[in-house]
């Protein structure tokens, strides 16, 4: 169709079903059990904490997927999906048993994959790094009063005394008294975690947002590879033997 | 016009008789085990049956507990895992604090979308396998983990493709797919053990607890993500149920259902949301109950309630409700030192006034 | 001449009994309550949609037709304990306070009607927790001058007349969460009728109906809807009532204004739940005792919905009225007559 003959109504109908994002989202197998038609009753919106404060609507999420409304889907993919608090109040009360929260989760995965999440994940580097290099995703030393001044003045006292407090609390509980990670997961465990991310393709996805992190992880894995793969080999043999 | 509410007593209040809907995932799991598709990590040792939705019975293991820890609790509220160990030590329950446990990564997943279902399910299956190979029952400290593991179980049981992908990943680690017979949260275990906790409690401590007024708050991922396998049914009862068993007077407030505002990402990067949601919750709690404490079972909620009261001064409102986890309450009842063993000194909202009311020394 | 057993003394059972008696049959009518008239009597229906005609005008003649007919033996406060045999010789044991009796019947009509969905299960509505959350049925009783509040709409909490009233449609219907995905058929017209009655009695009140769809397919129903909007200024908000809470200690509801695309919080004085029709206790018991098929929701299944709508899954046992599914009174009366004709036909041979 030439530029002059383009009709906004036709355009909308042409892109109504089967736009790129719509197709990608529909590939996720969770969608089938998360979307069963929509009564447009608004129960989800009434219960949604994000809808109370942001220009965000779980009803719109379901409707745009039912209609294949690529324009609105794109609007969501480019930012609105990050408003959802993942509280599942929508799923819990929907009379059709839809789950806007799960649809949003599928959309977030795709947003990361397609390089649309850089802004949303701007504050996220440290947690991603912790997960992939420590095996758990928080550390006592992350929660400093500088990062969270709105948590009150007591944070200052807690932050400065945390080492002695933890030592006292976890007397007799090895591995729990650490400050640079949640608990002292073994190196072998961290390697297994990294391997899972690698094998499942999740590490590659991380690379679209934090490319340097992938290098760190791969270096980390390479350093330990021989020792850890030997351990895994031992495990595999034991498993085979137990099956006989 | 002033308002009157009939109090809801803590008790089983799920939808009875709607059996047209009820399906039990355990039956599906058994079928898969018979077909050789999965292995089930059967419960070891004694268990107690408690009712979930539609009257279906959930087996709560009472011993040999694998402790699946919470990143958020260990980092920020370490009194909770400590209390979880404490009440088990007092009751003579054997447990295994695994240093080969990984984070479930669900907080990261829900907050950032980094990761994918195969990764999430494989991490779940790997932790399940750890409990299995050590010979322990899988029990969970964190509510985010709990909701995640319920969801992973549901997806793995329902999806051959996902199962096959996960098995492939696990094979590369020398592991196999073992799904625990029951996915149980620690607050469900403490509830199932309520008689034993009461029996072993310090009478002086119970005197101090008796008559305290509290409200309860459940993590969204405890009961909203997957609703049909929670003790109590559609409306959970485990926190208030344990507390009232120990003598606490539980009271209702109209906003019990509302999310605390943690949001997984919001508490880090969108804090006005968390503060605004908290404002609504705290206002209702103050206007309708004004309790001695807020009882919780969720890492995120505990963090949010504890850390977001002070900032409400910015809108001219003053809140100082001590936030106490169900297991910290149990630990206190059993005689724990409030700081050295229940870790309440790690909470930002002052707990000292509450400890004074309870007659517990803390200096 | 064979005797017919009619189980249920509501409007359907009464109509079928009197039609059968007029055709010359003997009828035993078994009713578990100590009054006739079913739900109409139980909840003291005052006025019926769409004409706002007095319910008494409709139900009294039907009851009278039965009580004055010598061929109909009415057994109140009784229920059928067991049934054996098959058409055309059923042996039924009937029990009441005086004891048990047994009798033989040529055919059985099951007209056990419906029960209201218990809204306690929808915890988000706070029924049973907030005193001023009531049901259509409770309001019906209040609006009746012979009812518990002498015709005044009163808040159960403090006895005051509510100024702002919200009505929630589809409570226990169109809802997979409680296992009732079906439409209750009459919720829309009953709420519209009550909204008009409330506005007529209290012209200064504000009445809001929270709905997903207004299903006004019956005789005069759409016109009634127009009347409510235009003559009585009832406000219809397109959004399902989602939650009942408190705001500053006042009863408050949450919903989405789906036309305007925004969540709303609305503080009111009373909330009326249109709790839909579900399979009644009597229906569930009758299905068990008689061994006849029910559908997924507990209602009785006809042998064929189109071709044999009044025959149950067992020959000689017939079904009629709201025990088959949600049904309004006009249609229940038609069903009563239809099943009588079917029974008569089956006994002719």
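Where a number appears in this text, it was derived from the coordinates with a stated rule and is not lab data. Just so we're clear, the structure is a prediction, and the values are computed from it rather than from any experiment. Quick reminder, even Gly has a Cβ in these numbers, built from the backbone with ideal geometry, and neighbours come from all protein chains shown.
Brief remarks on what is shown
- Residue B:287-residue B:171 pseudo-label distance in nm [points 7 Å out on the Cα-to-Cβ vector]: 6.0
- For chain A: relative contact order, % (alpha-carbon pairs under 8 angstrom, 6 or more apart): 16
- Note on chain A: Cα convex hull, mean projected area over all directions, 21.0 nm².
- Computed from Cα positions, the angle between helix B:25-34 and the longest principal axis of chain B comes to roughly 30 degrees.
- From the alpha carbon centroid of segment B:348-363 to that of segment A:159-227 is 36 Å.
- Label point at residue A:55 placed 7 Å out along Cα→Cβ; residues across segment C:244-276 whose backbone nitrogen lies under 20 Å: C:256-264
- Förster radius 45 Å - calculated FRET efficiency between residue C:307 and residue C:34, Cβ distance, rounded to 0.05: 0.75
- Label point distance in nm, residue A:31-residue B:320, each placed 7 Å from Cα along Cα→Cβ: 5.3
- Model label zone, residue B:89; criterion: amide N under 11 Å from point 7 Å along Cα-to-beta-carbon; scope segment A:167-184: A:169-174
- Residue-span extension gain [residue B:57 to residue B:272] - 0.36 nm each, minus C-alpha spacing: 73.3 nm
- Counting only DSSP H runs of at least 4 residues, each contributing -39500 (n - 2.57), and dividing by the residue count of the protein assembly as shown, the helix-based mean residue ellipticity at 222 nm comes to -12500 deg cm²/dmol.
- Using a simple spin-label model with pseudo-atoms 7 Å out from Cα toward Cβ, residue A:242 and residue A:204 lie 3.1 nm apart.
- The simple Förster model, with R0 at 60 Å and r as the Cβ-Cβ distance, assigns residue B:340 and residue A:20 a FRET efficiency of 0.55.
- Amide N proximity, segment B:220-239 versus residue C:176 label position 7 Å along Cα-to-Cβ, cut-off under 15 Å: B:226-228
- Protection proxy ranking, peptides A:136-144, A:212-220, B:341-349, B:144-152, average beta carbon neighbours within 10 Å, highest first: B:144-152, B:341-349, A:136-144, A:212-220
- With Cα atoms, 0 to 90° folded angle of helix B:79-91 axis to chain B main axis: 80
- At 1.002 mPa s and 20 °C, Stokes diffusion of chain C via Kirkwood alpha-carbon radius, µm² per second: 101
- The residues A:87, A:94, C:183, when put in order of fewest to most other Cβ atoms within 10 Å, stand as C:183, A:94, A:87.
- Among C:232, B:218, C:45, the order by Cβ neighbours within 10 angstrom, fewest to most, reads C:232, C:45, B:218.
- Förster radius 45 Å - calculated FRET efficiency between residue A:164 and residue C:213, Cβ distance, rounded to 0.05: 0.10
- Going from the residue with the fewest nearby Cβ atoms within 10 Å to the one with the most, B:178, C:207, B:289 rank B:289, B:178, C:207.
- Rh by Kirkwood over Cα pairs, then Stokes-Einstein D for the protein assembly as shown at 1.306 mPa s and 10 °C, µm²/s: 52
- Å³ per residue enclosed by the Cα convex hull of chain B: 142
- Cα long-axis angle, helix C:187-201 against chain C (0 to 90 degrees, to the nearest 10): 60
- Cα gyration tensor category, rounded, prolate or oblate, for segment C:117-276 with a/c compared to 1.5: rounded
- Relative contact order [Cα under 8 Å, 6+ residues apart], chain B, whole percent: 21
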